[in-house]
1. Mind pulling the angle between the C-alpha long axis of helix B:554-564 and the longest principal axis of chain B? Nearest 10 degrees, somewhere in 0 to 90.
2. Who wins for biggest fluctuation among A:S155, A:S208, A:S91 in a Gaussian network model of chain A, springs between alpha carbons below 10 Å?
3. Tell me which residues come under 5 Å, amide H to amide H, from B:A659 once H is placed; ignore anything under 5 positions away on its chain.
4. Exactly which GluC sites (Glu not before Pro) in segment B:310-369 are in a DSSP loop and have at most 14 other Cβ atoms within 10 Å?
5. Quick check: Cα centre of segment B:422-493 to Cα centre of segment A:191-205, how many Å?
6. What is the angle, in °, between the Cα long axis of helix B:405-423 and the longest principal axis of the Cα atoms in chain B? Nearest 10 is fine, range 0 to 90.
7. Just counting partner chain Cβ atoms within 10 Å, what average do the residues of peptide B:542-548 show around their Cβ?
8. Within 10 Å of each Cβ in peptide A:60-69, how many partner chain Cβ atoms are there on average? Round it to a whole number, please.
Amino acid sequence: MIVAERKPLEEIRRNLAGRKKVLVLGCGGCVTVCLTGGERQADMLASQLRTAAKVAGEPVEVTVRTPTRQCDREFIDTLKADVEAADAVVSLACGVGVQLMAEVYETKPVLPAVNTTFMGAHSGPGTWTENCRGCGQCVLAETGGVCPVARCAKSLINGACGGTNKGKCEVSRDIDCAWYLIYKRLKARGDLSFLRAEREPLDWGMSSSGTRRTLVHAEVNDQAHRRGAEGAEGAAERK
Amino acid sequence: MPGRQLTSEEYARLAGSDALIETEWAPCRAACPVHADVRAYLDLIARGRFREALDVIREVLPFPGACGRICHHPCEQECRRNDVDQPAAIRDLKRFVAERDYPEGQKFEKPLQERDKVAVVGAGPSGLTAALDLARLGYRPTVFDRGEAGGGLLRTAVPAYRLPRKVLAADVDAIVAQGVELRLNVEVGGAFQLDDLRSQGFKAVVIAVGLSKSRGLPIPGADAAGVELALPFLAAADSAGPGLAGKSVVVIGGGNVAVDVARTAVRLGAGRVQMACLENEKEQPAWSWERHEAAEEGVATLHRLGPKQVLVRDGRVAGAEFKAVTEVFDGNGRFNPKYDENRLTTLDCDVVVFAIGQEADLALVKGTDVKADERGRLVFDRSTSRTSAADVFACGEVVTGPGSAVEAVASGHRAARAVHQFLSGLPIDLGESLPPKIDKLAPATAQRLVKAARAEMPAVPAAERKANFGQFELGLSEAAAMKEARRCMSCASGPFVLTDKCAACLTCRRVCPFEIPEVKEIADISSALCQGCGICAAECPANAIVMAGYGPDAVRKSVDAALASLDPKGLRLVIFTCGHHAPAARWGGSDPARPAVSAKEVFLPSMSRLSAADIMYAFEAGAGGVIVLECESGTCRYPTVELRLRKRYEQARQLLIEAGVAPERLALHVGAADNQEAAFAAIALMAERVTRRAQGWAPRGQAAKPQTAEEKSK
């Protein structure tokens, strides 16, 4: 799941630059689950904006909508009337949703209300922790289900560095050393062979440091089917 | 029982109506013969809104005073609190609101009555109920009774120590005040016949004559002086009283009437009172609590005795002889006593009272088109409440057999519906489709619930009460009643999940103090397990959980109403507090000690319902300050509310300060909700702090820690 955190109100208001009619847009997907951008949080942001405007003596008109997801056109197409009636849209979706909104409603300022932070899991009451960085070459089969890319400070792929210390990372004593965790997990499974093998470096061009990535499922993409004959079906590819 | 689900669209259609809260019933309501909305009136009592509670009762039960004392309270038998500690004292609470003096008085409005005249024969609970229902529907009912006052057997057969006459009279007066004409001292069937009613223009007749004749037994000696029948005995005790000083009395029978007779005999001065019944202790039909009270007063109960003869000396009772009972009910559970004629017991006594059952006096139908069967019972169609004559209906014990007052009332309701359909030219259909009742509490849930001792009804000690006919149960005090009403668990008031909004985020599951929600594709919150705290509804990030009893807009509407009641020019404070635990009556509007600040309370069913968004809304809506008053630590009926509320308060506080609201405009006080002095101090403190700043909105400041009542008093 994509995890995001709310931006300070001050930044949101600064970006709004005094616009009088604002559409606050929650998202019913990941940001609802991580308690940052669901309908309730959208209501609370709207409430903040109205109150802040009142304090400042510059009333604004704020409406709230929360589509099922902002990362699908079909859902955001339903917002047309509300978007057109507003001077600006403040979106509580992750950067994916904000960009798609901005693309669909080209002439409307679509402003982010959250910082999209990571892909992670619920790790305790009200807490989410990063687990995946989307490197595009998953090694979890070999690392005992612990991702060295996301969880090692250096994203090392060939074992712990010299900074590992009693299971903790040299960056901070609060951070577990991913490689220590990998070792423990593999030992528990009784198979340390991966640690003995040498691995090729990752192709970082496949990861977030590369260019924009696209996924095509040919079975539901007519265009891809036509290209399917040319041998390009169902693959992640760089454009 | 699976959780309840709706789409947002369906919810939008139903919001604000009773449809959601009526989807399922609490077991108390399902068990009540008249389906009184127990949960609703207990909640009103908890909030100190006693008169409104009484109105809820009166909608379906015109005898709140009488039933508040003598009802056999099946609601309490079914109360889900039985699985936690003890049932809520529903009957005692009914009595509390019924006997209270209201400053506004007991005003009743007479409905517009332009429809047909209907005659009701018999002014007992069923007849008066039927008449009242018909009056409310616009008919003109007249109730005929041969007695000198209304109330039927409640007046002549229920002893005054259980039901004071003036209490019953007040119930009857209220019925009359709502458009029922009462004609007393008229015997229908004597000089005045059933057909006379028809010729006088009554378009329908309801026979509600009850079971007014006591049965005797054709055993030797039954005609001796000193042999009495239960109903005349009880009626006489009520007026003059035969005087039984020092005498030994044997009551034959084991039912509730027999217990009434025995306890009445004690009060008439009998030296020794023994009840002899066929049944053993387990089989005996009288209510256990009444048997217990009788025993406290010195009544001895002898079991498995079948009356053989009354022993007579010089024409007067000298004793009673009994044969042993070997079996009361046969293999099919039918009443079919068997005796051992060789095992005899003799009880010496001066008086024998037969309390073995009643029968109807059907003189009024003799020679009419209203037929009785060969066993002397009215020919009656239960499905239409109709007798053999198309325009004559019947209700109450004459057709149901012996039962309790509230059952007679239920029967009266049915007869009134039948008459209404008949006179409207409709086919008679008394079928009712009632909402399903929720299941029993799961043991795991019961274990998590906060226990609370049931209010004890203060009573006159047995030694003292047995000397007179004074009411021996003294009634609950206001404080005890409100505390007791708070023990209601608000069953079936739980949530609906909006299927199109739920993101299956698991928040409900994670915050529920009872671990009730199951999340599969979406959340599934069992209405039988849910305790209705609403913590999940206030936390759900998708606004996908709506409570049946207090919807998502309820807080906002209350805030709007509160602000609208205050002068918009000055500082307006909104105070969020628990209506369930800190009722308006305790620290409300007109107390002279209240600070002269423009402040208004918003009462919530529990502070668990107050969300951070609600707090923020108050400012948006124009409040100059918000005070959150929490109850004393550990007093909430729901676990974890204190923690949740503090966190929501902190969240709202941060978001509001971020929006430029000065921190002194927000306060949380723990322990102040149910403490008038602390509540008033909280109001004064905020007013002082806010006005100390320059007028209007203050600049941003340092967030102050929320104060507790204790800190403040230092």
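Coordinate-derived values only; no laboratory data. Keep in mind that this is a model prediction, so the values were computed, not measured. Using ideal geometry, Cβ is built from the backbone for each residue, glycine included, and neighbour counts are taken over all protein chains shown.
1. 70
2. A:S208
3. none
4. The qualifying sites: there are none.
5. 71
6. Around 90 degrees separate the two axes.
7. Working: counts 9, 9, 5, 0, 0, 0, 0.
Per residue, the number of nearby Cβ atoms from other chains is 3 on average.
8. Shielding by partners across A:60-69 averages 1.
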